[in-house]
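**Q** One structure is given below, represented as structure tokens, and several questions about it will come after.
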Amino acid sequence: MIASLPVIPNTWRRAGSAVAVIGLGKSGVAVTRLLAREGVRVYASDASDHPYAGAAADALKGVPGVEVEYGRHDLNKIRHATGVVVSPGVPPDAPVLAAARHAGVEIVSELDIGFRALAARSGEGTRSIAITGTNGKTTTTALVAHLLSAAGLRATTAGNIGRPLTDLAMADEQYQWLSLEVSSFQLHDSPNFAPEIGVLTNLAPDHLDRYPSADAYYADKRLLFRNASDDDVWVLNADDQLVLQLAQGVAGRRTLFSLLKSSEAWYDSAQSTLRLRGEQLLTRDELHLLGDHNIANALAAALAVHEAGVPLALIAAGLRSFRPLPHRLEPVGEVGGVLWINDSKATNIAATTVAVLAMERPFVLLLGGRHKGEPYTSLAPLLAERCRLVIAYGEAGPLVEKDLGGKLPLERGTTFEDVFERARRAARPGDAVLLSPACSSYDMFKNYEERGATFRRLVEAQ
């Protein structure tokens, strides 16, 4: 944790003024409540007529000192705000944030306010492990918290994984360690964020629908190290040159995990064992997660919690008891000899690539949604060996067909139910049907969770 700072910058308490909160998802609602508790007037707005937080956002209308607006952002109020707090779903180049920047208004993330609020409760001695990267963040975050808790430490998850940090800061809960999933958008506006341990899982182009280039995206990821000190520890992927380059010259100690070579934590493929500090942790069969990428996630989490003081034996026991998270290569049922796998969280090409590489049987791939800027051509050679059929759907359907049509069997689906039925007809006993869309869900669903839940419901209704 950083040295104690006031929860709210003193400049934000100017009489007659308000702080603007942009976006009313879970984090926007939580930070609005925290600001109101601190006696700050708030203007909270969301561009949607139906904010993600639903009833929780509606309830803000009854909080004294809070003005709530749906369907638009009042740019005049935002330009005259003493500060702006941005939700993680709002990209850094959004016009509403550009207006605030042009007016010289300070912009910070909900994560930053939550971190300050926790630091202000300095008597707790809570420390944090922050996890970022292109893929594997959520699973690694959950693994870290699970391993800490299994070792008898008071630990929980927060951040992009679900629970806003400001909500945690307002709760009467005491933790020794926090496992925090942090996105590039959150890091962009978090000048005070300073975890004791940081994990960088991997890097690949992502969010190119929101960033002008991959380099701009990587630059935000590098902000994990913004407040690095000599006492900090950075857990890095030794197999990813982009990760190693990003961490060059950063203060603190580096410790590495690898699937390919001997490192502080590594996978001995010849012996099918996960190893840590020269000792065997567990065999591959004892880790109940599909895919080599999840071996890497387990190694990263094990290394991070070992740095937090957890002994090897307790780490091994925790890894054995961990189970897959929903929507992440999650087997949801086997019907008529066909295994149905929900990987709805795969919202970019890199995530779908690791899912495809994890397949050990012929499969039908459901690919589509809202396009995020990357071509699908890199998937073609990977799909050639085992993919029986690609079913392209959603807004990205024409692009998927353009990139992959003619290279392997492909059909175009319409509704999600139609996509499911096409998969059911194509799959044979011994096959898998893999929902790993490589796209966001916003063309057909509220979020990837709803997409995955719909997939599960259709599987269970067979």
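**Q** Which far-off residues, 5 or more places away or on another chain, put their amide H under 5 Å from the one on TYR393, with H placed in the peptide plane?
**A** HN-HN under 5 Å from TYR393: LEU367, GLY368, GLY369, GLY413.
**Q** Cα-Cα over 20 Å: which of LYS372/LYS407; LYS372/LYS402; LYS221/LYS446; LYS345/LYS407; LYS345/LYS446? Walk me through the numbers before you get to the answer.
**A** Working: LYS372/LYS407 22 Å; LYS372/LYS402 15 Å; LYS221/LYS446 26 Å; LYS345/LYS407 26 Å; LYS345/LYS446 13 Å.
Where the Cα-Cα span goes over 20 Å, the pairs concerned are LYS372/LYS407; LYS221/LYS446; LYS345/LYS407.
**Q** Largest first, what is the accessible-area ranking of GLU460, GLU181, GLU69, GLU421 with a 1.4 Å probe? Present the calculation step by step, with values, prior to reporting the outcome.
**A** Working: GLU460 120, GLU181 5, GLU69 35, GLU421 65 Å².
Ranking GLU460, GLU181, GLU69, GLU421 by accessible area, largest first, yields GLU460, GLU421, GLU69, GLU181.
**Q** Please list, by residue number, every one of the trypsin sites (Lys or Arg not before Pro) in the stretch 214-249 that is coil in DSSP and has at most 13 other beta-carbon atoms within 10 Å. Don't skip to the end; give the middle numbers.
**A** Working: sites: LYS221, ARG222, ARG226; in loops: ARG226.
Listed in order of number, the matching sites are ARG226.
**Q** For TRP266, TRP177, what's the largest-to-smallest order of accessible area, 1.4 Å probe? The partial results should precede the final answer.
**A** Values: TRP266 50, TRP177 10 Å².
Ranking TRP266, TRP177 by accessible area, largest first, yields TRP266, TRP177.
**Q** Describe numerically, in nm with one decimal, the distance between label points set 7 Å from Cα along Cα→Cβ at LEU208 and at HIS50.
**A** Distance between the two pseudo-spin positions: 3.2 nm.
**Q** How high is the FRET efficiency between ARG72 and GLU38 when r is their beta carbon distance and R₀ equals 30 Å, given to the nearest 0.05? Provide the component values of the computation, followed by the final result.
**A** On the way: r = 26 Å, r/R0 = 0.87.
The computed FRET efficiency comes out at 0.70.
**Q** Continuing with the same structure: Using 7 Å Cα-to-Cβ label points, what is the ARG154/LEU325 separation (nm, one decimal)?
**A** Simple spin-label model gives 2.4 nm for this pair.
**Q** Moving on to the next point. Express as a percent, rounded to the nearest 5, the fraction of DSSP beta bridges in the chain (both residues included) that run antiparallel.
**A** 20
**Q** What whole-number distance in Å separates the alpha-carbon centres of the stretch 330-392 and the stretch 12-76?
**A** Computed from Cα coordinates, the inter-centre distance equals 39 Å.
**Q** How much solvent-accessible surface does ASP443 expose, in Å² to the nearest 10, with a 1.4 Å probe and all protein chains in place?
**A** Here the residue's solvent-accessible area equals roughly 40 Å².
**Q** Follow-up question, since we're still on this one. Using a Debye calculation, one point per C-alpha and no hydration shell, please list log10 I(q)/I(0) for the chain at q = 0.07 Å⁻¹ in order.
**A** -0.37
**Q** About its Cα centre, how strong a charge dipole does the chain have in debye, to the nearest 20, once Lys and Arg get +1 and Asp and Glu get -1 at the Cβ? Present the calculation step by step, with values, prior to reporting the outcome.
**A** Numbers: 47 positive and 52 negative charges, 53 e Å.
I would put it at about 260 debye.
**Q** Enter the mean projected area of the convex hull around the alpha-carbon atoms of the stretch 385-433, in nm², rounded to one decimal.
**A** Over every viewing direction, the Cα hull of the stretch 385-433 projects on average to 3.5 nm².
**Q** Could you order ASP172, ASP209 by accessible surface area, starting with the largest, using a probe radius of 1.4 Å?
**A** Working: ASP172 145, ASP209 85 Å².
Descending order: ASP172, ASP209.
**Q** Using 0.36 nm per residue of separation minus the Cα-Cα distance, give me the extension gain between ASP285 and LEU382 in nm, one decimal. Before the final figure, lay out the partial values.
**A** Numbers: separation 97, 0.36 × 97 = 34.92 nm, distance 2.45 nm.
Computed gain between ASP285 and LEU382 is 32.5 nm.
**Q** Let me ask you something else. Extension gain THR11-TYR442, at 0.36 nm per residue separation less the Cα-Cα distance, in nm? Walk me through the numbers on the way to the answer.
**A** Values: separation 431, 0.36 × 431 = 155.16 nm, distance 3.75 nm.
Fully extending the segment from THR11 to TYR442 adds 151.4 nm.
**Q** Using a Förster radius of 25 Å, what is the FRET efficiency between ASP292 and ALA216 based on their Cβ-Cβ separation? Nearest 0.05, please.
**A** Details: r = 29 Å, r/R0 = 1.16.
The value I calculate is 0.30.
**Q** List the lysines whose Cα sits under 22 Å from the Cα of LYS61, skipping any in the same chain fewer than 8 residues away.
**A** The reachable lysines, counting only those whose Cα sits under 22 Å from LYS61, are LYS26, LYS77.
**Q** Same structure again: List, in order, the whole-Hz ³J(HN,Hα) value for each residue of the stretch 203-212 obtained from phi through the Karplus relation with A = 6.51, B = -1.76, C = 1.60 and θ = phi - 60°; use x for Gly and Pro.
**A** Using θ = phi - 60°, the values come out as 9, 7, x, 7, 6, 6, 7, 10, 10, x Hz.
**Q** Any idea what the alpha-carbon Rg over 2.2 N^0.38 Å comes to for the stretch 8-137? Spell out each step's value before the answer.
**A** On the way: Rg = 14.7 Å, N = 130, 2.2 N^0.38 = 14.0 Å.
With N residues counted in the stretch 8-137, Rg over 2.2 N^0.38 Å equals 1.05.
**Q** Mind checking which of LEU339, PRO326, PRO191 is farthest towards the positive end of the chain's charge dipole, using Cβ charges of +1 (Lys, Arg) and -1 (Asp, Glu) about the Cα centre?
**A** Value computed over the given set: PRO191.
**Q** Ok, one more. Could you calculate the contour length gain from ASP268 to ALA251, that is, 0.36 nm times the residue separation minus the distance between their Cα atoms, to one decimal place in nm? If you can, show how the numbers build up before the last one.
**A** Values: separation 17, 0.36 × 17 = 6.12 nm, distance 3.00 nm.
Result for the pair: 3.1 nm of gain on full extension.
**Q** Then there is this: With charges set only on the Cβ (+1 for Lys and Arg, -1 for Asp and Glu), what does the dipole of the stretch 120-192 come to about its Cα centre, in debye to the nearest 20?
**A** My answer is approximately 180 debye.
**Q** Stokes-Einstein diffusion coefficient for the stretch 289-435 at 20 °C in a medium of 1.002 mPa s, Rh from the Kirkwood formula over Cα pairs: what value in µm²/s? Write out the running numbers ahead of the final one.
**A** On the way: Rh = 16.4 Å.
This corresponds to a translational diffusion coefficient of 130 µm²/s.
**Q** For HIS146, what accessible surface area do you get with a 1.4 Å probe? Give it in Å², rounded to 10.
**A** Rounded to the nearest 10, the figure is 60 Å².
**Q** Moving on to the next point. In the stretch 117-152, which residues have a backbone nitrogen under 13 Å from the label point lying 7 Å from ALA317's Cα in the Cα-to-Cβ direction?
**A** 147-152
**Q** Helix-only estimate, please: 222 nm mean residue ellipticity of the chain, summing -39500 (n - 2.57) across DSSP H runs of length 4 or more and dividing by its residues, to the nearest 500.
**A** Values: 17 runs with 152 residues, N = 462.
The helix-only estimate for the chain comes to -9500 deg cm²/dmol at 222 nm.
**Q** If you place +1 on the Cβ of every Lys and Arg and -1 on the Cβ of every Asp and Glu, how big does the dipole about the Cα centre of the stretch 342-399 come out, in debye to the nearest 20?
**A** On the way: 6 positive and 5 negative charges, 17 e Å.
About 80 debye.
The values are calculated or read from the model by the stated rules, or taken from the named source; none is laboratory data. These numbers come from a predicted model, not from an experiment. Cβ: placed from backbone, ideal geometry, glycine included. Neighbour counts: every protein chain shown. The accessibility values were calculated without ligands, DNA or RNA, using every heavy atom of the protein model including side chains. Shrake-Rupley method; radii C 1.70, N 1.55, O 1.52, S 1.80 Å.
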